[in-house]
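Readers should treat all values here as calculations from the given coordinates under stated rules, not as data from a laboratory. Every value quoted in this text rests on a predicted model; they were computed, and no experiment measured them. Here the Cβ positions follow ideal geometry from the backbone for every residue, glycine too, while neighbour counts run over all protein chains shown.
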Amino acid sequence: MNISLHDKRFEPYIKEVAIQNRVNAIAEQISDDYKGKRPLFISMLNGAFWFTADLLRNIVGEFEVSFVKFKSYHGTQSSGEVVQSLGLDIDVKDRDIVVLEDIIDTGGTLKVFLEVLSQHNPGSVKIASLLIKPGALKYPIKADYVGFEIPNDFIVGYGLDYDGLGRNLRDIYVIENSSGS
Ligand SMILES: O=P(O)(O)OC[C@H]1O[C@H](OP(=O)(O)OP(=O)(O)O)[C@H](O)[C@@H]1O
Ligand SMILES: Nc1nc2[nH]cnc2c(=O)[nH]1
């Protein structure tokens, strides 16, 4: 069923069960890759909160988690300016870091955060993103764990908002009349 948020209409795109299957598969892969280590997950608020919660509940083995907060999107467009409002509050030196994102779009947010991170000398850094829009990338960000590659269309749900609304939706929705390209 299509839904309305503010002034826009959205249609169903990725169902909850498909999202959960991919998140579980990524959790299994990360658990294998970091067996015997104690990775530090750094979750990018706000959008990654569902992905973080569902993923980490399925990680086998010891880990730690911390949160940072950046914003670049206004309405349905990237502003091009990345603003940090909650910084690193944990020592990352020599740690095995896995950065958790809900979506990589232009890659601008991660570019800024990876620069901040590298100044603190982590041992290793990998990126897990539930969604990536390869056609929208402006910076050469490479994700190590990806849930879905999607076209360059605005989506909401599962943590992703349109001006504050829609984060609670269990499925992911795409804006009506999207290009699908
Ligand atoms: O690759 P980019 O073009 O930088 O876009 C990706 C970023 O955009 C979204 O955050 P947003 O700025 O909407 O903030 P939010 O997570 O608080 O919703 C998303 O959570 C990513 O962090
Ligand atoms: N809600 C939402 N936020 C984003 N941030 C970057 N891309 C998107 C998107 O497609 N939808």
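For residue 35, which lysines qualify as cross-link partners when the Cα separation must be under 23 Å and same-chain residues fewer than eight apart are set aside?
In chain and number order, the partners are 93, 126, 142.
Given H placed on each backbone N at 1.01 Å, which residues far from residue 73 in sequence or on other chains put an amide H within less than 5 Å of it?
So residue 73 has HN proximity to 79.
Considering only the other residues whose Cβ falls under 14 Å of the Cβ of residue 15, what net charge follows from Lys and Arg at +1 and Asp and Glu at -1?
Computed value for this residue: -1.
Using a basic spin-label model with each label point 7 Å from the Cα along Cα→Cβ, how many nm lie between residue 81 and residue 161?
Computed distance between label sites residue 81 and residue 161 equals 1.9 nm.
Counting DSSP beta bridges with both partners in the chain, what percentage is antiparallel, nearest 5?
Details: 17 of 39 bridges.
If we restrict to bridges inside the chain, about 45 percent are antiparallel.
Sorted from fewest to most neighbouring beta carbons within 10 Å, what does the list 115, 101 look like?
On the way: 115 9, 101 27.
With the sparsest Cβ surroundings first, the list reads 115, 101.
Suppose the chain between residue 94 and residue 137 were pulled fully straight at 0.36 nm per residue; how much longer would it get relative to their current alpha carbon spacing? Kindly include the intermediate steps, with their values, before the conclusion.
Numbers: separation 43, 0.36 × 43 = 15.48 nm, distance 2.89 nm.
Contour length minus the Cα-Cα distance gives 12.6 nm.
If I fit a long axis through the Cα atoms of helix 108-118 and take the longest principal axis of the Cα atoms of the chain, what angle between them do I get, 0 to 90°, rounded to 10?
10
Taking the Cβ of residue 74 as the centre, find all other residues whose Cβ is under 15 Å away and add up their charges (Lys, Arg: +1; Asp, Glu: -1). Display every interim value, and only then the final one.
Numbers: positive: 8, 71; negative: 7, 81, 105, 161, 163.
Overall, the nearby charge balance is -3.
If the reach is capped at under 16 angstrom between alpha carbons, list the aspartates and glutamates near residue 37, excluding any in the same chain fewer than eight residues apart.
Output for residue 37: 28, 62, 64, 94, 96.
Between the stretch 16-35 and the stretch 73-132, how far is it from one alpha carbon centroid to the other, in angstrom?
Each part's Cα centre sits 20 Å from the other's.
Students often get this wrong, so check it: of 15/71; 111/133; 111/138, which have C-alpha atoms separated by over 20 Å? Provide the component values of the computation, followed by the final result.
Values: 15/71 26 Å; 111/133 15 Å; 111/138 10 Å.
Distance filter (> 20 Å) returns 15/71.
Over the Cα atoms, compute the radius of gyration (one decimal) and Dmax (the largest Cα-Cα distance, rounded to a whole number) for the stretch 1-136, in Å.
Here Rg and the maximum Cα pair distance are 15.8, 49 Å.
Quick check: the angle from helix 16-33's long axis to the longest principal axis of the chain, C-alpha only, nearest 10 degrees?
For 16-33 against the chain, the angle is about 20 degrees.
Multiply the residue gap between residue 72 and residue 120 by 0.36 nm, knock off their C-alpha separation, and tell me the result in nm, one decimal place.
Details: separation 48, 0.36 × 48 = 17.28 nm, distance 2.28 nm.
That works out to 15.0 nm of additional length.
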